[in-house]
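Below you'll find the structure, written out as structure tokens, and then a few comments.
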Amino acid sequence: MKTLQELFKEGKIWLGSSEGDALCSEISEAISSSNLKAMRPLKLEKASEGLLHQELGWDGFRSGSIHEWFSITTNPYPSCSILSYLAAERLKNFFLNLSAFEQQEILQFKKRFPQYVLWIGRDSWPTPYVIEKTFRILLDRNQLFSFLPNCIFVDPPSEDLKQWAILAALSSPAISVVISELGSIPLSKSKQIVLSAQKAGSLGFFSRIPREQFAINAFHSKWGVRFRKSNLPDQHYGFELELLKCKGRQPKNTIWEVDFDYRGENERVHMHISPNVVDKHSRASVAKSA
């Protein structure tokens, strides 16, 4: 018989109680103390994040941009985990860039954090385990702030309604990131999607099947995702992100590796350029952690 921790990790059960409830605290504590290695919040090192933004001509994953993700492995869609990690990092950066007064209003007076992540379509949903472990941030004095109330899940019953929901979500100033699978669309529809994101300053991550890789659209970049074993000691896995195409100036380096570091509570992810695609004598070949 599987334990609650295993079922939770596989996404087969949800914690229906609030974080302050005894049951929720008891299960969360059991999961944290188990031998299962939890997926940790994504933390791009400042050096790596800066390098990524400098290398990409359109300034990285900026507001008002749309990015496609393709699996380079046997899976038809890239793992939705990496997209959720990137979305969580965006919320964290938004929170940390608030003034001290605004942060205190949210932490002490329970003012609603004004940015949301929206997953459209059940196939794009990560497991509850990934959400619980990713959408939180450890602040000073070991204060843990959760973004769980800012996670919204929608499952439209048809492709037409899904595309309508994508346009509506990207047009909302309250939505920070939209994550969804996206089927075949005409160029005109892709332009609508981009204009909606640009108008509201939102960010779109769309996982797509391989045959759509060569379709013409107005999106800002195409990425290939490859699952890989982590280079870090005692780690479970990582991802290799390959920039297949982007608007504007093409970067010299096109491959980044993301490793998930499980050590300690204030986890970090080390993102660096793969040595086999750059000059080994270049100082920029590896973006070391700050």
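Residue separation of PHE109 and SER63 scaled by 0.36 nm, minus their Cα-Cα distance, works out to 13.7 nm of gained length. Peptide packing: for 62-69, 107-114, the average count of neighbouring Cβ atoms within 10 Å per residue gives the ranking 62-69, 107-114, highest mean first. On a C-alpha basis, how far is the centre of the range 204-227 from the centre of the range 85-109 in Å? Whole number, if you could? Measuring centre to centre over Cα atoms gives 30 Å. Residue separation of GLU102 and ARG249 scaled by 0.36 nm, minus their Cα-Cα distance, works out to 49.2 nm of gained length. Residues ARG136, ARG226, ARG208 in ascending order of nearby Cβ atoms (within 10 Å, fewest first): ARG226, ARG136, ARG208. Stretched out straight at 0.36 nm per residue, the stretch from PHE94 to LYS191 would grow longer than its current Cα-Cα span by 32.3 nm. When peptides 174-180, 159-165, 95-101 are ranked by their average number of other Cβ atoms within 10 Å per residue, the highest-first order is 174-180, 159-165, 95-101. For the cross-link pairs LYS92/LYS247; LYS110/LYS189; LYS133/LYS222; LYS111/LYS247, the ones whose C-alpha atoms lie over 32 Å apart are LYS110/LYS189; LYS111/LYS247. This ranking places ILE82, ILE255 by how few other beta-carbon atoms lie within 10 Å of each, fewest first, which gives ILE255, ILE82. Residues whose amide H falls under 5 Å from that of SER207, counting only those 5 or more places apart or on a different chain, are TRP69, SER180, GLU181, LEU182, with hydrogens built in the peptide plane. As a proxy for reagent exposure, ranking SER190, SER171 by other Cβ atoms within 10 Å from fewest up yields SER171, SER190.
Computed from the coordinates by the stated procedures, all read-outs in this text should not be read as laboratory data. Remember, predicted model here, so these are calculated numbers, not experimental data. Here the Cβ is made from the backbone with ideal geometry for all residues, glycine too, and neighbour counts use every protein chain on show.
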